[in-house]
1. Could you check which residue among 53, 20, 63 shows the biggest mean-square fluctuation in a GNM of the chain with a 10 Å Cα cutoff?
2. Where is the GNM fluctuation largest for the chain (alpha-carbon springs, 10 angstrom cutoff): 56, 69, 35?
3. Is it possible to state the helix-based mean residue ellipticity at 222 nm for the chain, with each DSSP H run of 4+ residues giving -39500 (n - 2.57), the sum divided by total residues, to the nearest 500 deg cm²/dmol? What is it?
4. In what order do 50, 1 fall by count of nearby beta-carbon atoms within 10 Å, going from fewest to most?
5. Working from Cα positions, state the angle (0 to 90°, nearest 10) between the long axis of helix 6-21 and the longest principal axis of the chain.
6. Taking the 0 to 90 degree range and rounding to the nearest ten, how far is the long axis of helix 53-84 tilted relative to the main principal axis of the chain, both from C-alpha atoms?
7. Report the gain in length on full extension from residue 57 to residue 2: 0.36 nm times residue separation, minus Cα-Cα distance, nm rounded to one decimal.
8. Any chance you could check the Cα centroid distance between segment 56-73 and segment 1-55 for me, in angstrom?
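Bear in mind these aren't lab numbers, they're just calculated from the coordinates by the rules spelled out. As the structure is a prediction and not an experimental result, all values here were calculated from the model. Positions of Cβ are generated from backbone atoms using ideal geometry, with glycine treated the same way; all protein chains shown enter the neighbour counts.
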């Protein structure tokens, strides 16, 4: 299995987010940049064997699911705040 460069790996994850979940480019890029800032991809930088197409798909799914969970939590918090008013 071919290992991608770190930059190509991040590009692949971003591309998969747009293809799998119909996210616009800006949203997909922000997801990857935010994950990178949170050091989600640090192990990928240190271990080239982690940078495969299969792993890119797994990471795209994980990032999207985490985003959906955050959006759901924020919506619940907003509803709870509105009920208190």
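1. Highest fluctuation of the listed residues: 20.
2. Between 56, 69, 35, it is 69 that shows the largest mean-square fluctuation.
3. Numbers: 4 runs with 66 residues, N = 85.
Mean residue ellipticity at 222 nm (helix-derived): -26000 deg cm²/dmol.
4. On the way: 50 17, 1 8.
Starting with the residue having the fewest Cβ neighbours, the order is 1, 50.
5. 50
6. That helix lies at roughly 10 degrees to the long axis.
7. Residue separation times 0.36 nm, minus the Cα-Cα distance, leaves 18.4 nm.
8. Cα centres, segment 56-73 to segment 1-55: 12 Å.
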